[in-house]
Each structure stands twice: as structure tokens, then as C-alpha cells.
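Heads up, the thing below is written out as C-alpha cells.
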Amino acid sequence: MTSQNYMAQLGATLVDRGFPILPIQPNTKKPGMFRLGSWHDYPKWSRHCERDTTENEVDIWGDWPEAGIGIAAGRVIGIDIDVVHSAAIAHEIEALAKRMLGDTPAVRIGRAPKRLLVYRAVQPFAGFKYPPIEVLGLGQQFIAYGVHPETGQPYDWPVSTLADLTPDELPAITEAQAREFAKEAYLMIPLAQRPKSLTVGPGATSECANLPEQRGTFEAVEDALTHIVNADLDYDSWVRIGMAIKGALGDEGWPLFEDWSATSQKNDPKTTARSWRSFAPQRIGAGTLYKLALDNGWQPAPDLQLNGEVVMNGHHPARELLEALQSPDPITTEPAGDSLPAPKPFPAGWDQVGGVIADMMALMAVTAKRPQPVLALGASLCAVGALMGRKYRTESNTRSNLYVVGIAESGAGKNHSRVVINELFRKANLLQYLGGNKIASGSGLLTAIQRQPAILFQLDEFGMFLSAAADRKRSPRYVCEILDLMTELYTTAGTTYFGIEYASTQNNNAHRAIHQPCACIYGTTTPLHFWQALQASNVADGSLARFLIMESEDDFPDSNEAFGVIDPPPDLIDKLVLIHQGGGKLNGNLTDVGAIDEVLVDPRVVPMTPAARDAFRALDQDLVGRLRTSRGTGFSSILARIEENATKLALIRAVSRDPVDPIIEDHDAQWGIMLSRHCAELTIREASARVSENQVESHHKRAMQILRDAGQAGMSRSEFTRRTQFMDHRQRDGVLRTLAEARLIDTVMLQSKGRPAQWIKVL
């Protein structure tokens with residue numbers, strides 16, 4: 001068998017069927033050439049990835065002794081499952097590939113349980129690795145026929161050999177589909193059995209803005225940039241590299257950025273210099289550059305100092321950084337523990353808020369056709385939080401800026417709370433606190449806050465806005481900036497926000513600081529729009545954690561026959577004005593003047609009773625434990641914000657009760673903790689069920705949600721098809737097959753007067 005000439009036997013057949021092939025040296029995995037009586041390496045073999053193999057080449061290769069056959073990848077893609085430790089896992093990953101990418105008949109086994117699956121590329125693409133999973137693409141090859149160098153046995157095709165197929169008979173895949181599969185497959189490998197490499201894992205190609213170290217050294221950054229190609233980068237990527245260089249080295253990095261930018265044909269020296277001056281990075285730097293370079297094969301020398309701040313102690317100068325980069329990707333949509341808690345109603349006492357907020361909720365209830373008390377609470381909290389802005393703070397400098405999303409179905413009465421707040425602020429002559437109903441851009445948001453530093457934005461169709469802002473690949477940059485600014489403003493309410501440095505010196509683009517901004521956001525949306533808009537990155541980067549998600553408990557309550565004109569009682573108006581005045585203890589309205597430097601902002605400190613402090617201390621201890629156990633789940637950011645949101649809620653409740661002499665008492669603390677915990681649990685549960693890393697996962701989760709909504713009775717296959725028109729029939733069949741194999745659903749055939757009907761039920 002070892003003397004068999006596979007090229008002479010099968011080479012012409014494979015070329016006739018449309019496969020690009022190349023000769024392989026006997027008993028190796030290396031492309032080769034037979035010259036002067038012996039085999040040699042074939043240095044230019046990769047050209048076969050981009051063109052058809054000619055008949056003349058096959059005739060020549062067929063005379064070479066014991067020649068094996070390799071497939072030049074690119075148009076044909078190899079999925080190499082390099083798992084040797086567990087046959088069960090290898091089979092599971094193979095099954096996953098067939099579910100996600102298609103049931104290919106071309107499966108090759110060399111050294112079992114390793115296996116390679118062959119697919120056809122919709123468009124040729126380069127290969128990549130999430131070891132032990134490797135996707136072989138342009139510039140790579142895999143052995144089709146030959147003798148395995150370790151086993152001494154021929155490669156086996158247990159179902160169909162390539163010689164019996166054409167590329168058109170292989171399932172077609174895209175690079176995106178291949179990456180989605182590779183990420184899913186990588187997560188199936190136990191941590192202890194994953195290769196210890198800096199370039200593995202789903203995080204290898206992801207954004208790396210928050211790596212542990214920002215400062216770098218000139219030598220290390222210069223070396224890393226040699227592995228970051230600037231041939232044809234898009235503008236945002238180019239800017240990101242420039243900001244990372246400046247974050248790592250400051251102005252000393254300019255020569256590196258200048259030289260690196262000059263390697264692109266699109267480079268404009270004047271634009272490069274102007275952009276460099278405008279860069280003001282705060283969170284990215286050396287870590288970003290090192291991670292990108294490592295992904296592209298960079299191997300820093302052991303004596304190369306990477307960290308510009310850490311003192312050396314006899315170990316690799318960048319040990320901590322490299323260890324962090326080596327760790328598995330922490331982003332996942334699976335929670336800690338076995339399963340998420342079952343849906344919970346709002347805890348008892350959630351509506352016992354008292355004071356001004358209670359009065360506002362009462363007014364909303366009696367004037368609404370469909371009262372929505374949960375949404376009324378969310379809207380009232382944000383409204384009072386805006387009026388309190390820059391006038392009250394806690395002892396720990398927590399402010400009243402609050403982000404709330406009210407979720408209810410269309411037609412449930414989401415708009416009424418906003419209408420009531422508009423009318424209240426109008427009659428109280430406080431319309432300056434109301435921002436626009438839509439935010440067109442990041443600069444528009446900053447302009448509004450510069451004009452009125454304490455401001456309330458009431459945004460309808462928040463899910464549609466979030467969908468656009470979170471889609472960084474398709475949405476304009478100025479839209480994506482809105483969500484970024486919201487995230488930053490949330491954490492700067494107690495200090496000064498220095499804004500964005502623009503290249504232009506015109507007045508409309510001039511840099512302006514905003515002192516103690518208090519932006520409150522109340523958005524409303526439907527469940528479908530909101531959860532579909534979210535991406536896993538929103539969960540991991542903390543942008544979702546800043547929002548209190550409040551979902552209506554009854555989307556369509558009984559109609560209120562007495563609803564009608566909104567006529568706020570005078571005492572309610574007086575109370576709102578009193579909060580606006582800081583309880584009557586602030587001089588004039590200077591805190592509501594725009595963010596000018598001449599205005600001194602000195603908010604009142606709202607004290608906290610010892611019992612309230614004890615409550616927050618107990619909360620902190622509990623959260624530390626949960627954060628430790630949730631490490632690696634992706635939900636850590638949500639858990640980490642529970643205490644801060646609880647403190648904001650307690651502050652607003654205390655001022656709502658008594659704006660003149662407010663004190664955060666034990667019941668304020670307990671109420672804030674209760675509500676913040678509930679919202680966090682809701683967010684984690686729903687994000688786990690609905691938010692997806694990729695389209696395949698999204699289809700599975702949406703399908704499960706549709707089936708859950710059907711209740712214990714389930715639904716017919718035809719009804720399921722009607723409700724899942726966002727999938728084609730192959731995707732739908734694959735989803736049902738996967739859910740059934742996972743024992744999440746059961747399908748049965750029911751006899752009827754006509755044709756038997758297939759019925760689907762959640763187990």
C-alpha cells in the first residue's frame with residue numbers, strides 16, 4: 001500500500017471533477033517536487049489555491065513515484081478537527097459542523113479520532129485557527145490521498161471519497177459561518193485540554209479595548225506593528241490603531257504611527273498628522289496592539305519589555321499581559337450554575353416608593369386608558385432623577401442619573417407615562433429639563449447636555465435605536481457614538497466630562513467640558529425589538545448593565561373607563577419645583593445654567609443611616625461572592641452594577657419622600673437593592689435566552705422562545721413554520737433537529753381527519 005501512486009490513479013479524475021490538487025511527498029504531509037531522482041520541497045505550491053490544475057501538470061506528476069494528492073484550499077475548505085484525547089468530543093464536533101454548515105459526505109480520517117470535513121466556499125477565504133479546530137482556506141492545503149506519516153496507513157474516506165464527488169455536491173459555506181462554527185466547537189473542548197497558545201480561542205479575533213495594560217514601550221510597539229498590516233484598512237480600524245499607539249506611548253508614538261500609516265497607498269500625510277493630534281485615548285493602548293499582533297503570529301522575544309509601567313522582577317517583562325491574553329474568552333451567554341432562575345414577578349413592595357414618585361404614578365394610573373404601573377415607576381424615577389441632577393449626591397458621590405428601559409408589547413400603553421411627564425414639566429415651567437425624543441448623533445447628545453447638564457431623554461422605539469447603535473459594521477459612526485457616550489456619561493456624573501477632541505477649531509466643534517452631567521434616559525420598546533437588538537458584546541462591555549430593564553407584568557390590562565385629560569394637582573407641581581430648587585436650599589437656578597466654567601456645582605450630601613450602610617455592606621459582600629463564581633460567564637458586568645444602581649434608586653427615593661431634608665434610611669436602601677436585584681436577574685435571564693453570539697445561536701433562541709410562548713399545549717409544525725419566516729426551510733429543519741437532539745423539544749405525529757399533523761412541544 002505504501003508504494004501506491006495516488007496521483008497516477010486519481011489525479012486526472014479529481015481535476016476533471018473540478019478539484020485543485022498538488023503533489024504530496026510520500027509518507028508526509030508536505031507538498032513536493034521530484035527532481036534528479038529524489039523528492040524536494042515545493043516552494044510555490046500555494047499558487048494552486050488560486051487557479052485550476054492543468055492536465056499537463058497532472059501528466060507530469062503522475063510519473064512521480066509514490067506521489068500523494070493534496071487539495072489546494074480556498075475554493076474548497078477543510079474543517080480539521082484535531083482532537084486526539086476524546087473520540088466522543090470529536091464525534092460531537094463533527095455533528096455540530098454538519099448541523100451548522102451542512103451534512104457533507106466528504107469526511108477524511110487520518111489518525112482517528114481526528115477527522116477533516118470538506119466544504120465548498122461561497123467565496124474563497126483565508127483559513128484560521130481556534131486550536132484544536134482549524135479551518136483550512138486560501139494559502140493552505142490538506143491531504144486527500146496518501147499514507148499517514150504516523151499510522152503508516154492510507155487516509156480513509158468512510159462515506160464518499162472526493163474522487164466520487166464534485167465541489168458543487170459539497171455544502172457551500174461562508175467565512176462568517178465557518179467562524180461561528182469554530183467558536184462553538186472551541187467551547188466544546190474542556191479547558192484543561194485546550195492548547196496553551198496565545199492565539200487561540202474565540203477572543204483571538206475580537207476587539208481588545210480593555211486589556212489590562214495601556215502603557216507600552218517604544219521597542220515593543222514598533223516590533224508589534226510589523227505584524228499589523230496596513231494594506232487596505234477601513235478608516236475606523238486605522239483610527240483605532242492610531243489611538244492605541246498614542247495610548248501606549250503618548251506623543252512619542254507619532255513616528256511609529258506616521259511610518260505605519262505611510263505603508264498604505266491611501267495615506268495622506270496631512271490627514272495622518274491632523275488625526276494624530278485629535279486622538280485622546282483613555283482605555284486602549286499597548287494591550288490592543290499586542291493582542292492584534294499576537295493574532296497575526298507575533299512572538300515577542302523573552303527579553304523584550306512590553307509593559308511601560310511594571311517594574312521587572314526576574315520574570316518575563318510582560319508575563320501578566322501575556323497570561324491575560326492567553327486566558328479563555330470570558331464572553332458567553334451562558335449563566336453560572338446549571339440554569340437561569342424561572343421568571344419572577346416584581347417583588348412585593350416594589351410600588352411602595354412614596355413621595356413625589358408615588359404621586360406621579362397615581363396620576364399616570366388614573367389618566368391612562370391602559371395603566372402600566374411598572375412603566376410609570378421607571379418613567380417617574382428618571383424624571384425625578386433629572387430634576388435632582390447636580391443638586392443631591394450620596395456620601396460616596398453617587399448621583400441620580402438613571403437609565404431605564406420600559407418594555408411592553410405594542411398597544412400596551414407605553415407612551416402615556418411620557419405624555420404625563422411632559423405635561424407636568426410644562427405646568428411647572430421646567431421644560432428645559434426635557435431633551436429631544438430622538439438623538440440623531442453623539443455630537444447632538446453632547447450639545448444637548450452642554451446646554452442643559454441635568455436633562456431627561458424620553459426615547460420611544462428604543463429597541464430600534466439600540467439595534468442601529470449596536471451594529472458597528474453597518475451603522476454610521478455617528479450613530480454608534482451615541483451608545484458609547486451614554487456609557488461614558490453614566491460614570492462621569494460626579495466629575496467632569498471632557499468630551500471629544502475635534503480636529504476643527506470652529507466654535508461648533510470646540511472642546512467643552514461638562515461639569516457633573518446628569519443625563520437620565522427613559523426608553524420604551526417591545527420585547528422583540530429590544531432583545532433582538534442586543535448583541536453579546538453589549539452584555540460583556542457593560543453598556544447593558546447600566547440600564548434597569550423593567551418589563552410590564554400585564555401588557556394588556558383592563559381598560560380604565562375614567563381615563564381622560566391630564567390635570568396635575570397643584571401640590572404635585574409644587575413638589576417638583578421644590579426638587580428642582582434643591583429643597584429650597586440652593587441659591588437661584590445656577591445649577592441649571594449650561595456647563596460653563598463660571599458656575600460652581602456643589603450638590604447637597606444626602607446622609608445615610610447606619611442601618612442603610614449595613615444593608616449596602618451586606619449587598620457588597622454577597623455580590624463579591626457572586627462575581628467570583630460568575631467569572632467567565634459574560635454577566636459579571638451586570639452583577640457589578642447592582643450596587644451602584646441600588647444606591648441611585650435609594651437616593652432618588654429618599655429625595656422623593658423629603659426633598660428638604662432627605663436621609664437615606666434602611667427602607668430606602670432595602671427598596672433600592674430589591675428593585676436593582678430584580679432588574680439584574682431579569683436582564684441576565686432574558687439575555688441568556690435571547691441574546692446570541694451569532695445567527696445560528698439566534699435562530700435557536702428565537703425558536704425556543706416561540707415554542708415557550710405556545711405553552712404546554714405546544715404548536716403545530718405548520719404554525720411554527722408560519723412564525724419562523726426569518727429562517728429558510730433548511731435552517732428551520734436544522735434548528736428543530738438540534739433542539740430535539742438536545743432534549744429541549746419533542747415532536748409527535750397526530751392523526752386527524754386529513755393528513756397527519758406534526759406537533760411540537762417544549763419538554
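Per the listing Val221, Val239, Val229, the residue uniquely modelled with pLDDT of 85 or more and within 27 Å of Phe128 (Cβ to Cβ) is Val221. I'm checking my understanding of the structure. Among residues of segment 149-175 that are among the aliphatic types (A, V, I, L, M) and at pLDDT 90 or above, which one is surrounded by the most Cβ atoms within 10 Å (Cβ to Cβ)? The residue in question is Leu162. For Ala112, indicate whether it is surrounded by fewer than 21 Cβ atoms within 10 Å (Cβ to Cβ) and either without any contact (Cβ under 8 Å) to a residue 12 or more places away in the chain or of a type in the set (Lys, Arg) (or both). No, not satisfied. Against the definition (at pLDDT 90 or above, farther than 25 Å from His85 by Cα and either of a type outside the set (Gly, Ala, Ser) or in a helix (DSSP H, G or I) (or both)), how does Arg99 come out, yes or no? No, not satisfied. Scanning segment 656-682 for residues that are farther than 19 Å from Leu548 by Cα and in contact with a strand residue (DSSP E or B) (Cβ under 6 Å, 6 or more places away or on another chain) yields Pro662, Ile664.
Identify, from the list Val384, Val366, Val311, the residue that is at pLDDT 90 or above, of a type in the set (A, V, I, L, M, F, W, C) and surrounded by fewer than 24 Cβ atoms within 10 Å (Cβ to Cβ). On inspection, the qualifying residue turns out to be Val366. Looking at segment 90-109, which of its residues are free of Cβ contacts under 8 Å to residues at least 60 places away in the same chain and within 21 Å of Glu150 (Cβ to Cβ)? Residues satisfying the conditions are Ala90, His91, Glu94, Val107, Arg108, Ile109.
Being acidic (Asp, Glu) and farther than 20 Å from Leu117 by Cβ is a condition met by no residue of segment 69-80.
Residue pairs whose Cβ atoms lie under 9 Å apart, sitting 6 or more positions apart in sequence or on different chains, and linking a residue in segment 408-421 that is closer than 21 Å to Pro569 by Cα to a partner that is in a helix (DSSP H, G or I) and not hydrophobic (A, V, I, L, M, F, W, C), are His416/Thr367; Ser417/Gly378; Ser417/Ser380; Val419/Thr367; Val420/Thr367; Val420/Ser380; Ile421/Ser380. Taking the listed residues Gly146, Gly70, Gly110, Gly139, the one that is modelled with pLDDT of 90 or more and on the phi > 0 side of the Ramachandran plot is Gly146, with no other qualifying.
State which residue is nearest to Ile77 (Cα to Cα) when the search covers only segment 5-59 and only residues that are buried (at least 17 other Cβ atoms within 10 Å of the Cβ) and of a type in the set (S, T, N, Q). Ranking the qualifying residues of segment 5-59, first place goes to Ser46. Annotation: of all residues in segment 619-635 being in contact with a helix residue (DSSP H, G or I) (Cβ under 8 Å, 6 or more places away or on another chain) and either hydrophobic (A, V, I, L, M, F, W, C) or crowded, with 22+ Cβ neighbours inside 10 Å (or both), the one that is modelled with the highest pLDDT is Leu619.
One residue stands out in segment 603-627 among those that are not basic (Lys, Arg) and not in a helix (DSSP H, G or I): the one that is farthest from Pro453 (Cα to Cα), namely Thr609. Taken together, the residues in segment 261-270 that are surrounded by 14 or more Cβ atoms within 10 Å (Cβ to Cβ) and part of a helix (DSSP H, G or I) amount to 1.
Among the residues of segment 130-141, those that are in contact with a strand residue (DSSP E or B) (Cβ under 9 Å, 6 or more places away or on another chain) and either surrounded by fewer than 20 Cβ atoms within 10 Å (Cβ to Cβ) or not assigned by TED's automatic domain parsing to the domain that holds Leu101 (or both) comprise Glu134, Leu138, Gly139.
Each residue in segment 1-20 was checked for being farther than 22 Å from Gly110 by Cα and either outside any loop (DSSP other than H, G, I, E, B) or among the acidic types (Asp, Glu) (or both), and 4 of them qualify.
When segment 10-59 is filtered for residues that are over 25 Å from Phe125 (Cα atoms), at pLDDT 90 or above and either small (Gly, Ala, Ser) or not assigned by TED's automatic domain parsing to the domain that holds Trp157 (or both), only Ala12 remains. The strands (runs of 3 or more DSSP E) falling completely within segment 376-473 that include 1 or more residues that are touching an Asp or Glu at 6+ places or on another chain (Cβ under 6 Å) map to 403-407.
Taking the condition of being of a type outside the set (A, V, I, L, M) and under 27 Å from the mean Cα position of the chain (by Cα), how many residues in segment 81-93 meet it?
Count: 1.
Consider Asp41 carefully, then state whether it is more than 30 Å from Ala95 (Cα to Cα) and touching a Lys or Arg at 6+ places or on another chain (Cβ under 7 Å). Yes: the conditions hold for Asp41.
Based on what the data block shows, is Asp80 in the same structural domain as Pro158 (by TED's automatic domain parsing), of a type in the set (Asp, Glu) and not in a helix (DSSP H, G or I)? Answer is yes for this residue. Comparison of Glu409, Glu481, Glu488 shows that the only residue that is out of contact with any helix residue (DSSP H, G or I) (no Cβ under 9 Å at 6 or more places or on another chain) and closer than 27 Å to Ile642 by Cα is Glu488. For Ala301, the criteria (1) in a loop (DSSP other than H, G, I, E, B); (2) at pLDDT below 70; (3) exposed (fewer than 14 other Cβ atoms within 10 Å of the Cβ); (4) out of contact with any Ser or Thr (no Cβ under 9 Å at 6 or more places or on another chain) hold in every case but one, which is (2).
From the list Pro65, Pro43, Pro23, the one residue that fits, being in a loop (DSSP other than H, G, I, E, B), within 30 Å of Phe128 (Cβ to Cβ) and more than 41 Å from the chain's Cα centre (by Cα), is Pro43.
The values are calculated or read from the model by the stated rules, or taken from the named source; none is laboratory data. Predicted, not measured: the structure shown is a model, and the values here were computed from it. Positions of Cβ are generated from backbone atoms using ideal geometry, with glycine treated the same way; all protein chains shown enter the neighbour counts.
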